[in-house]
Every structure is written in structure tokens, then in C-alpha cells.
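Visitor: My questions all concern the structure below.
The values are calculated or read from the model by the stated rules, or taken from the named source; none is laboratory data. From a predicted model like this one, the values you see are computed outputs, not experimental measurements. Because the Cβ atoms are built from the backbone with ideal geometry, glycine has one as well, and the counts that use them run over all protein chains shown. The protein model used for the area step is the full one, side chains on, heavy atoms only, and it has no ligands, DNA or RNA in it. Shrake-Rupley method; radii C 1.70, N 1.55, O 1.52, S 1.80 Å.
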Amino acid sequence: MLAIGERINVRTKLFSEAFKARNFEPIRDMAIRQVKGGANMLDINIGPARKDGPELMSWLVENIQKVVDVPLCLDTSNAEAIEAGLAVHKGKAMINSTSADPDRLALLMPLAAKYNAMIIGLTLATGGLPRDANERCALAAEIMAAGAEHGVPMEDIYLDPIMVPINGQQEQVKEILEAIKLFREMNDPPMNSVIGLSNVSNSAPEAMRSLINHTFLTMAITVGLSAAIVDTLDPAIIQAVKTTSVILNQSLYCHSYLETC
Amino acid sequence: MAFTVPKEVYNGKINQVEVGRDQHKLILGGEEVLPFLSFEGKAVSTVPLALEVHDVNPGDWAPSLTAVYGSAMNDPVQWARMCQDEFKADMICLRLSGTHPDNGDRSAEEAGKVVQAVLAAVKVPLIILGSNHAEKDAAVIKHVAEVAANTGSIIGKAQEKNYKTFAAVATAYGHKLVALSDLDINLSKQLNILLTQSGFDGKNIIIDAMSSTLGYGLEYTYSVMERIRLSALQQNDAMMQMPMICDVGEVTWKIKEAKASEEDQPAWGPAKPRGVLWETLTALSFLMAGGNLVVFRHPEALGMVRKTVAELATAA
């Protein structure tokens, strides 16, 4: 399973300031810590980045890839910033994200094709959050059709069922598990899926968050989740990723399996 | 409709390990597909084949073997030269069996002198092994590894009981390391993790899954080796991507089917071809399971395997 580190995020004051001042030090430290913790990709969330998105993203991609050897997930609603990041990225990047909105698809799918990048497809339309697993699948079909139209290989599309907090939308959480299962059946080989994990425990007490996060992650991996944007500094998350991989016979057991990738 | 050959896609590849010194270096491993499937990608085209030499005359070898080496078995230098010059072994596997507490209990210094003399006498790379007595091997290898410093030799065998000493001296003197586990894939991975955690570079490890001969557990070794290769190539498990050594001669030539004379077992036919074929078939089986280096006792078995490997490597 692809564990995408979530920590470099404009919503954290430390990073919004570092982005603005082009102060790389805290970004470098966090990139290295997340990869050491077990991240095999890093999410770089710069938010809407209306002002200088392209310059900021290319600065981040170039510098982060100098200090860690993992691909990056370019997270912004600014398509120009995404393209600027893709242009300097080494290896296979991930675009985070398009929705099922036809305008967004027409804008972002060609970028994924042009730069041979993976792309996250949020099962989200202009009408608001999907109500159940079936609506998520209907939107997934639209995303897949747009991918096919623009020449993006199906295995590069990561369908995102949209994680919601268990505190408030409890009945949706099991629909998300159902959607992950159904996404797999929409193509052969099965479609990939991704979630923004920490959202499930949003507004839950701090002491409960890790437990809710890694329990949901374990359940989602069991039904076929292929990637998650997670807090790789939480050992429970990476331990769950490694242990599920061993239990599903995707990696070889030995007494020290937690200590290797 | 035209037929398309179905091809597997692999996620990992096997480490490439260089052994030996000067102009006589050899490469082990480096393949990116299952054994000999060169239509799928980069397969091994050569497998180094070694012959065994002992520091003291083993005394109990089968007549088929003593007939080959004769009095050279009393002198490791002469024996090693014979293996290199006459039988064209790619490597010499020098076993310090005289250091075993039950077989003379020779000192590390005595063993070191033999290693030094053999290194001076032959150019091909050396595999220097103890007597498979975990404690004594650890004591002997400290000195022997120093004597052989910077010759790019393979030393062994590191086991769970003594791996720290082996890792330290192999690092200090620039050797590769054989990591032996008891016919168990999980223990093999565990030992490799322990070695790398102790600071040893995993790129210098050679896995010994513990060989067993035809009729005496060959299928267990085969299965462990095969699963090690699948983990390395399909699951991209870095702790399983080391080349594998097959210690075939030792396990083959101690069984009655290889040793018994025709007088004792008339129904089994002549002793020599029987033993040689037994060793050949055991070695070939392990090469099919992903072996990267074979240690033989009989030069004719080595010759037959070399010929077969060459044919398989050029077949595609």
C-alpha cells in the first residue's frame, strides 16, 4: 500500500510561513522525518495558491526531491501550479486532484497524460457530497471515462471516495468502505483507490484519533484500498500498513518485519 | 491471430555482487527475472561454479572423488591449483574443516597460514568457510578474514549465533558474507535484517538457504529458494534480493547413493556416474530455483552443469 505523508500542508502555520518566506529548513526536516517514518510518497499541499502557485510548487518540488528519494503528490486546486510542479518533478508524480466536474477533468486529465503522472479522482460533483457507495461509483465512472478519453492509463487513476468524519457522518463511513470494494470491480486490473485518512477522526478527541485512523485504515486495506494520505509520523499507522501487508501475504513475514519497508 | 508470449512483470531485481581481486573478478546475481527466463528480461547468463578444497585431508571421501584428486588432498595449495588449472573452477571454496573441535581443532593461526598459502597460489576468487561450528568459526574467522584482507573473498558461514562477529570482520576487511539459516525463509529474512541492522551492507550478503541433496530434502531447499526469489522479484523485498549460494557437493557426497561401490550395491550400477549425476541434478535443480553460485566436489559434475547453463542461457 502506498503511504503518502500528509504533513507538508499550508494549513499548518509553520509551513504557510515557510512557503511564503521560501524558508526550506522546516520543509526539509519534515520531508526527511516522514520518509524515515515510512512514507513512500509525500503530499505537498499548498492550498489554492492563487498568487504565486507555479513558482512555489516548482521551488518545493525541486528542493524536496534533492533531500528525499520519493515521488510527490502535488496538492493544490491551482492547475498552473500543478503543471509547474510536474514539469520539474523526477519520477512519477501524483496529481491531487480532479473532481468529477467536467471542467476540472478537461483541465487536469490532459496534464496527467502529458506528464505520465498518477491522478487522484475525487468522486465529487458540483452537487455536493455523494450520498452512498452507488453515487460514488457513478462519479468514478465519469472520471474513468474522462481518463480514457485523454489517454490516461486506468492504473494511474486513484479513485477517492471522499473521507468524512465519523463524528457527524457515521453512516457514510461504511459506505466509503463499500465504495472502495466496488471501485475494484469497475476494471480489470482493479481500479486503485486512495483516501485522506485523518479526516475520519476529525473533531474526535485527540486521544482517540490514532485509534480511529489505524482501525479504519486496516479495514479499508482489507477491502482493497491501494493508497492513503496519512500521518506517517504516527507509528500505529505504519505498523498497520506493514502488518496488513504481511497478513495479506503481500510481503514476507519475519520477526523483525516492522523494521523494514 | 498471432500468438503473443505472456510475460510476467517483476517489481524487484537481484543484487549484483562482485567478488575476487585484480583481473580475476566475477559477478554473482544481477538478474531481473526468474531463472533463465531471458525472454522476460535480464536473466543470469553465467553462474560461477566452485570446487571444494579442505585445509586437511577429509579422509572419508568417496573413491570417485579421491581418484580425481589423489595425493593433492594432503596439500591444500596443490589441491587448489589443480582445481583452478586442471578443472577450470571459477572459484575455490576453501573449507577450514580442520579447525572443528572434533576434527583436529586447529588454531586460527594455523588456518590463517593455509588461507595465505592458497591465496598466493591461485588467482580465482575464494570462498573461505569455517567448519560449521558456530563458536569456533567466529574465533577462526577474525584472524582468517584479516589474512585475506582486501581480496574480495566470500567468507562464512554467518549464522544467528555468530553473525555479529562475521559482520564486523567482513566489513573491516572488505569481504562478502554467506548468511546461513536453517531451511526456513522467515529465518533467512530475519538473519538478513539482523545483519543489516548491525551495520553490514546488505549488498554484500549471499544467502545460503541450506542445501540438501536429491532424495534427502531437495524439495525443501528448492521450495525455500524459489519463495525467496519470488519475494525478491514480485514483492520487491530488499531483504531477499541477495544472490544465493548452493553448497551441493558436501550434502551430495555424504549419502550412500553417491558413495556406495558397485560391489556393495550391484543394482545401482557403477559408482562414479551415479555420484556425479546425483551432484549434477541437485545443482541444476537449485539453479532452476534461483541459485547464483554452486560449490561442487566432483569436477565432472561442475563440467556438466557449466555446459547446461551455457545452453540455457543461449536458448532464448
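Visitor: Tell me which of these residue A:119 doesn't satisfy, since it passes every other one: (1) within 17 Å of residue A:60 (Cβ to Cβ); (2) out of contact with any Gly (no Cβ under 7 Å at 6 or more places or on another chain).
Guide: Going through (1) within 17 Å of residue A:60 (Cβ to Cβ); (2) out of contact with any Gly (no Cβ under 7 Å at 6 or more places or on another chain) one by one, residue A:119 breaks only (1).
Visitor: If you don't mind, another one. Is it the case that the stretch A:57-73 has a residue that's outside any helix (DSSP H, G or I), touching a residue at least 60 places away in the same chain (Cβ under 8 Å) and in contact with an Asp or Glu (Cβ under 9 Å, 6 or more places away or on another chain)?
Guide: Yes.
Visitor: When the residues of the stretch B:131-151 are filtered to those that are open to solvent by 10 Å² or more (accessible area, probe 1.4 Å) and assigned to a loop (DSSP other than H, G, I, E, B), which remaining residue is nearest to residue B:179 (Cα to Cα)?
Guide: Within the stretch B:131-151, the match that is nearest to residue B:179 (Cα to Cα) is B:132.
Visitor: If I filter the stretch B:154-198 down to residues being in contact with a Lys or Arg (Cβ under 8 Å, 6 or more places away or on another chain) and within 14 Å of chain A (Cβ to nearest Cβ), which single residue comes out as surrounded by the most Cβ atoms within 10 Å (Cβ to Cβ)?
Guide: Result: B:179.
Visitor: Now a separate question. Determine if the stretch A:73-80 includes at least one residue that is modelled with pLDDT of 95 or more, more than 30 Å from residue A:105 (Cα to Cα) and charged (D, E, K, R).
Guide: There is no residue in the stretch A:73-80 that is modelled with pLDDT of 95 or more, more than 30 Å from residue A:105 (Cα to Cα) and charged (D, E, K, R).
Visitor: Applying the selection to the stretch B:227-255, what residues are more than 13 Å from every other protein chain (Cβ to nearest Cβ) and over 15 Å from residue B:275 (Cα atoms)?
Guide: B:242, B:243, B:244, B:245, B:246, B:247
Visitor: On to the next question. Which of the residues spanning the stretch A:130-143 are surrounded by 21 or more Cβ atoms within 10 Å (Cβ to Cβ) and closer than 19 Å to residue A:110 by Cβ?
Guide: Across the stretch A:130-143, the qualifying residue is only A:143.
Visitor: Given the criterion open to solvent by less than 50 Å² (accessible area, probe 1.4 Å), modelled with pLDDT of 95 or more, over 30 Å from residue B:6 (Cβ atoms) and not in a helix (DSSP H, G or I), identify the matching residue among B:77, B:33, B:68, B:56.
Guide: Step by step, each of B:77, B:33, B:68, B:56 is checked, and only B:56 is open to solvent by less than 50 Å² (accessible area, probe 1.4 Å), modelled with pLDDT of 95 or more, over 30 Å from residue B:6 (Cβ atoms) and not in a helix (DSSP H, G or I).
Visitor: Tell me yes or no: at least one residue of the stretch A:115-128 is open to solvent by 40 Å² or more (accessible area, probe 1.4 Å), among the hydrophobic types (A, V, I, L, M, F, W, C) and assigned to a helix (DSSP H, G or I).
Guide: No, there is no match, as no residue in the stretch A:115-128 is open to solvent by 40 Å² or more (accessible area, probe 1.4 Å), among the hydrophobic types (A, V, I, L, M, F, W, C) and assigned to a helix (DSSP H, G or I).
Visitor: If residue A:198 satisfies all but one of (1) part of a helix (DSSP H, G or I); (2) away from chain B (no Cβ under 14 Å); (3) touching a Phe, Trp or Tyr at 6+ places or on another chain (Cβ under 6 Å), what's the number of the condition it fails?
Guide: (3)
This table checks each residue for (1) within 27 Å of residue B:12 (Cβ to Cβ); (2) open to solvent by 30 Å² or more (accessible area, probe 1.4 Å).
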site: A:154; (1), (2): yes, yes
site: A:172; (1), (2): no, no
site: A:193; (1), (2): yes, no
site: A:203; (1), (2): no, yes
site: A:224; (1), (2): yes, no
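Visitor: Kindly indicate the residue of the stretch A:16-40 that is part of a loop (DSSP other than H, G, I, E, B) and under 20 Å from the mean Cα position of the chain (by Cα) and also surrounded by the fewest Cβ atoms within 10 Å (Cβ to Cβ) among those meeting that condition.
Guide: Step by step, filter the stretch A:16-40, then rank; the result is A:40.
This table checks each residue for (1) within 22 Å of the chain's Cα centre (by Cα); (2) touching a residue at least 60 places away in the same chain (Cβ under 8 Å); (3) open to solvent by 70 Å² or more (accessible area, probe 1.4 Å).
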| site | (1), (2), (3) |
| --- | --- |
| B:3 | no, no, yes |
| B:13 | yes, yes, yes |
| B:22 | yes, yes, yes |
| B:48 | yes, yes, no |
| B:64 | yes, yes, no |
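Visitor: Which of the residues spanning the stretch A:239-248 are touching a Ser or Thr at 6+ places or on another chain (Cβ under 6 Å) and either part of a loop (DSSP other than H, G, I, E, B) or more than 10 Å from chain B (Cβ to nearest Cβ) (or both)?
Guide: Residues satisfying the conditions are A:240, A:244.
Yes or no, residue by residue, for (1) closer than 21 Å to residue A:75 by Cα; (2) in a helix (DSSP H, G or I); (3) at pLDDT below 95:
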{"site": "A:182", "(1), (2), (3)": "no, yes, no"}
{"site": "A:187", "(1), (2), (3)": "no, no, no"}
{"site": "A:194", "(1), (2), (3)": "yes, no, no"}
{"site": "A:218", "(1), (2), (3)": "no, yes, no"}
{"site": "A:225", "(1), (2), (3)": "yes, no, no"}
{"site": "A:250", "(1), (2), (3)": "no, no, yes"}
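Visitor: Just need a number here: residues in the stretch A:145-180 that are in a helix (DSSP H, G or I), touching a helix residue (DSSP H, G or I) at 6+ places or on another chain (Cβ under 8 Å) and over 20 Å from residue A:223 (Cβ atoms).
Guide: 6
Visitor: Answer yes or no: is there a residue in the stretch A:103-112 that is of a type outside the set (Phe, Trp, Tyr), on the phi > 0 side of the Ramachandran plot and surrounded by fewer than 21 Cβ atoms within 10 Å (Cβ to Cβ).
Guide: Checked against the condition, which is being of a type outside the set (Phe, Trp, Tyr), on the phi > 0 side of the Ramachandran plot and surrounded by fewer than 21 Cβ atoms within 10 Å (Cβ to Cβ), the stretch A:103-112 yields no hits at all.
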